[in-house]
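The values are calculated or read from the model by the stated rules, or taken from the named source; none is laboratory data. Values in this document were obtained by computation on a predicted structure and should not be read as measured data. Positions of Cβ are backbone-derived with ideal geometry, glycine not excepted, and every protein chain shown enters the neighbour counts. The protein model used for the area step is the full one, side chains on, heavy atoms only, and it has no ligands, DNA or RNA in it. Shrake-Rupley method; radii C 1.70, N 1.55, O 1.52, S 1.80 Å.
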Amino acid sequence: MLVVIGAVLLASGLWFYVTLEPVDNPAIPTDSASGQVAINSLPKKNALPATRADNTPEETFIPTANRCVQFRYDLNRTKSIFFEQADLTPYLDKGYSVDDITLAIISLDNPLRAAKWRDTYRKRFSPINLANKIYGGQIKSDNKGWISRSPFMSDARTRWVLQKARTGEVPAGTLPDALLPDDVATLILNQSIGNDTIKQFALALDDINASLGDEQALGILNILDAAIWAGRNDLARWLMIQGVSLQSDPFIGGPLDFALDRLHQLVGMKGSGGKPEDVIRQLAFIDYLIGLGQQATVAPTEDGYFVNNTGRSSYFFKPEGASSILERFGYNLFAIPKTIPPTKTAKTTQLMEELSAQQQAYVSDNGYATANEKQAQCKDYRANVKHHWKPKFIDVGDSEETDKALFNRAPELVSCRRSYRNFKDKNVGRTSEFRPVMTSGINGDYSSVASALNTAPEWLPLFTHRMLERWPKRYPELVNMGLISDDLNYLFFDDGITRGLTASTLHKLNESGFDLHTLDRYGRSLLFTAIQAMNLEALTFLVEQNVPYYQPDDAPDPLYQALYFVATRGQAQNAYEIVSHLMSYQPTITQAHLNQMLLLKLRFRQTYDNIVDAFPALASDEDNAVYPTETCAL
């Protein structure tokens, strides 16, 4: 599954930089192709990038892990902008079908863009779109998010129709005060409005079967779709009796997908939630739609997942979720009939070739004339890195090895295990019992805090660190009340969001009397917090305050920690300045440092050269170092 693969890639952020393969990209010509599609020249929020002047030389491209990832992102973004700006409807007059255009966009851009184009095209004659042509776009919708669950229509229009519904006054008149299908959809999605009221408004529509506007939630075509999506199954049946038709699309989905989305809302991805009676009713409605010939737009299911295959990804059942539904209700999701999307034809291929040439010319004209060469450089770079560096990613969270044993394998393994254990310790901060303690501390009610901590002394370290990082000037008050833990752990200052203490916070702590030279339970100085966040400003302040260096024999020292973040984790920003500060302490250079420098040389050669030019003791090659063989599983 793409969803699952994406999650794995995100979770293994290190390997992402090494193994990422470039997208298929045919040769990018430097001459513009003839017969280009029309590009909308009106200003948009996402303006086109400025075209590079012919006489402007490109900077020399030296591939690194981060630079190749950024280059690929920027290139794909520019390719995508082509389809944002292109008017593809003239191709329908050339004999190409809507399916041809959809499949071409999927191939040259992405499925979501294709679904959006297709949805906009099929809603082009909706009453609200026609009204906006008359009134200059004044009747707008704020629901542009492709998975947004916000109400239909703009805030002003929403308030207007809700007020009408609550007073029982069905709008009558001419535009812009005439009732539109989108207004009825607004009522359907508002659970405070009853079905009887909605029926009155629906019957007042000029065309009860008309489509909604093209800015509405992706895939929701008419008020019947809105009713099914909102779980108003009885209303949906009534609307069908009134003549609202079931309309499904093989690329976008349809009523059965909205019913499955509602099932997902009830039971969750693991299939364990929901009141049984509610779930049974929803399953019965799903069978009702199947009996009317509806099919679901589902991704391939060989891996046991049951997932919506449209751009909305509105329902997602894990294998255990599908099994749970089968066990609880005897219902087999995999027996649901599925749509088979159209496939490419000769005409589709012809259109793809034409659009590809124009897209490539557009990309070339907008700063990427040498894209092929850069992609080749990045491909060679990734292959070289992968050839030399093949680390095992170790999960040490529950390891019982000693710190020294982990340190000898890879120094960062010690830090990773401590971070894992510290994260579990900090979970107490998410409990309902601890929150009132923090509230009392924020309000200066230290007596209540002291009383609570007498009952639960294990909360004191977390309370101390939370107060110091957020209200450093209260340090004297906390000392007087005995609310400063003797067991400091500077990992508490790095929760993945706060990411260490800022230079401003450190300055305030210093002014308030906190001794910046204080070591924590692991013998680390505050240099640890600065390096953990790779915060140059904080590190500079600490160095100016002569905060001591530390170099234990069973845990990373600040220099190793910094080199690990740069070479292994790819956090190369300010690397030279940070290393320069740390080298001012004249730390002992160990084999572990040189191993990280060898990896730095492989992945970020320019950064390596800058550091070695200033500090020859850090020079590394395969005669005096080896590529790290183990590192943390992120």
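If you go through the stretch 323-341 one residue at a time, do you hit one that is farther than 27 Å from residue 235 by Cα, surrounded by fewer than 20 Cβ atoms within 10 Å (Cβ to Cβ) and modelled with pLDDT under 90? Checking the stretch 323-341: at least one residue is farther than 27 Å from residue 235 by Cα, surrounded by fewer than 20 Cβ atoms within 10 Å (Cβ to Cβ) and modelled with pLDDT under 90. Is it fair to say residue 629 is open to solvent by 30 Å² or more (accessible area, probe 1.4 Å) and more than 34 Å from the chain's Cα centre (by Cα)? Here the answer is no, as residue 629 does not meet what is asked. Pairs meeting the criteria (first residue in the stretch 501-525 and polar (S, T, N, Q), second residue outside any helix (DSSP H, G or I) and buried (at least 19 other Cβ atoms within 10 Å of the Cβ), beta carbons under 6 Å, at least 6 apart or on different chains) are 525/547; 525/550.
Count, please, the residues in the stretch 356-394 that happen to be part of a helix (DSSP H, G or I), closer than 30 Å to residue 409 by Cβ and of a type in the set (D, E, K, R). Looking only at that region, the number is 2. Would you call residue 486 open to solvent by 60 Å² or more (accessible area, probe 1.4 Å), at pLDDT 95 or above and either over 26 Å from residue 568 (Cβ atoms) or touching a Cys at 6+ places or on another chain (Cβ under 6 Å) (or both)? Against the criterion (open to solvent by 60 Å² or more (accessible area, probe 1.4 Å), at pLDDT 95 or above and either over 26 Å from residue 568 (Cβ atoms) or touching a Cys at 6+ places or on another chain (Cβ under 6 Å) (or both)), residue 486 does not qualify. Scanning the stretch 267-290 for residues that are open to solvent by 70 Å² or more (accessible area, probe 1.4 Å) and of a type in the set (Gly, Ala, Ser) yields a single hit, 272.
Looking only at the stretch 91-115, residues that are closer than 15 Å to residue 345 by Cα, surrounded by fewer than 20 Cβ atoms within 10 Å (Cβ to Cβ) and among the acidic types (Asp, Glu) come to 1 in all.
One line per residue, one yes/no per condition, for (1) in contact with a Lys or Arg (Cβ under 8 Å, 6 or more places away or on another chain); (2) assigned to a helix (DSSP H, G or I):
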site: 398; (1), (2): no, no
site: 414; (1), (2): no, yes
site: 419; (1), (2): no, yes
site: 423; (1), (2): no, yes
site: 436; (1), (2): no, yes
site: 468; (1), (2): no, yes
site: 487; (1), (2): yes, no
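Residue 524 meets all of the listed conditions (1) at pLDDT below 95; (2) surrounded by 23 or more Cβ atoms within 10 Å (Cβ to Cβ) but one, namely (1). Do we have residue 479 as over 37 Å from the mean Cα position of the chain (by Cα) and crowded, with 20+ Cβ neighbours inside 10 Å here? Answer is no for this residue.
Selection of the stretch 67-100 for residues being among the hydroxyl-bearing types (Ser, Thr, Tyr) and closer than 30 Å to residue 605 by Cα yields 73, 78. Looking across the stretch 542-571 at every residue that is hydroxyl-bearing (Ser, Thr, Tyr) and in contact (Cβ under 8 Å) with a residue 40 or more places away in the chain, the one that is farthest from residue 405 (Cα to Cα) is identified as 568. Among what's in the stretch 235-262 and is crowded, with 24+ Cβ neighbours inside 10 Å and in a helix (DSSP H, G or I), pick the residue that is farthest from the chain's Cα centre (by Cα). Filtering the stretch 235-262 for residues that are crowded, with 24+ Cβ neighbours inside 10 Å and in a helix (DSSP H, G or I), the one farthest from the chain's Cα centre (by Cα) comes out as 239. Residues in the stretch 389-412 that are closer than 21 Å to residue 626 by Cα and either among the small types (Gly, Ala, Ser) or out of contact with any strand residue (DSSP E or B) (no Cβ under 6 Å at 6 or more places or on another chain) (or both): 389, 390, 393, 404, 405, 406, 407, 408, 410, 411. When each of 228, 220, 198 is tested for being open to solvent by less than 50 Å² (accessible area, probe 1.4 Å), in contact with a helix residue (DSSP H, G or I) (Cβ under 6 Å, 6 or more places away or on another chain) and in a loop (DSSP other than H, G, I, E, B), the lone residue that passes is 220.
Residue 404 meets the conditions (1) touching a helix residue (DSSP H, G or I) at 6+ places or on another chain (Cβ under 8 Å); (2) over 23 Å from residue 483 (Cβ atoms) in every case but one. The failed one is (1). Total residues in the stretch 383-415 satisfying the condition of being buried (at least 20 other Cβ atoms within 10 Å of the Cβ) and of a type outside the set (Phe, Trp, Tyr): the figure is 9. Taken over the stretch 193-212, the residue count meeting the criterion of being touching an Asp or Glu at 6+ places or on another chain (Cβ under 8 Å) and polar (S, T, N, Q) is 1. For residue 421, the stated conditions hold: it is of a type in the set (Lys, Arg), farther than 21 Å from residue 593 by Cα and without any contact (Cβ under 8 Å) to a residue 40 or more places away in the chain. Here the condition is being at pLDDT 85 or above, open to solvent by less than 30 Å² (accessible area, probe 1.4 Å) and under 26 Å from residue 379 (Cβ atoms); of 61, 82, it holds for 82 alone.
Pairs are defined by a Cβ separation below 6 Å, a sequence spacing of at least 6 or placement on different chains, a first member in the stretch 601-629 that is without any contact (Cβ under 8 Å) to a residue 24 or more places away in the chain, and a second member that is part of a loop (DSSP other than H, G, I, E, B) and buried (at least 16 other Cβ atoms within 10 Å of the Cβ); the pairs so defined are 612/619.
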